[in-house]
Amino acid sequence: MKIRLIDIAHGRSGDKGDSANIGIIAYDDKGYELLKKYLTVDVVKKYFQGICFGEVERYEMPNIRALNFILHNALGGGGTVSLKHDAQGKTLASALLRMEIEIETEK
């Protein structure tokens with residue numbers, strides 16, 4: 001079964017120099033377990049191919065049911081030097097929330 005991340009989570013994103021910082025926060029414990037299982041570094045890296053040219057890191061924050069991703073070399077040099085429309089990565093959480101993931105259905 002496919003679900004969109006926006007159906008189980010909300011998010012926020014921004015910049016740290018040339019790296020984008022994306023936080024995805026589950027609405028409940030079940031959603032957090034799905035995020036941990038299916039929203040991997042490899043999945044996020046592939047989703048942002050053509051935007052993220054560096055490493056992707058993932059940090060788990062179970063106390064707030066969130067995953068934080070750092071996308072290195074993703075902002076064209078950063079807010080003060082980039083020619084990208086979104087040089088501060090503010091739209092990246094919204095973009096990621098529109099991702100569909102294939103999940104196993106419970107029997």
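The one condition from (1) within 19 Å of Ala9 (Cα to Cα); (2) modelled with pLDDT under 90; (3) out of contact with any Lys or Arg (no Cβ under 9 Å at 6 or more places or on another chain) that Ala93 does not meet is (3). Residue pairs whose Cβ atoms lie under 7 Å apart, separated by 6 or more positions or on different chains, with the first residue in the stretch 81-100 and among the charged types (D, E, K, R) and the second surrounded by 17 or more Cβ atoms within 10 Å (Cβ to Cβ) and at pLDDT 50 or above, are Lys84/Leu75; Lys90/Ser13. Cβ-Cβ distances below 9 Å connect the following pairs, each with a first residue in the stretch 44-60 that is farther than 17 Å from Asp15 by Cα and of a type in the set (Ser, Thr, Tyr), a second residue that is in a helix (DSSP H, G or I) and modelled with pLDDT under 95, and a separation of six or more residues or different chains: Tyr47/Ala95; Tyr47/Leu96. Counting only residues that are basic (Lys, Arg) and modelled with pLDDT of 95 or more, the stretch 5-31 holds 1 of them.
The values are calculated or read from the model by the stated rules, or taken from the named source; none is laboratory data. Please read these numbers as outputs of a predicted model, since none were measured by experiment. Every residue, glycine as well, gets a Cβ built from its backbone with ideal geometry; the counts of neighbours run over all protein chains shown.
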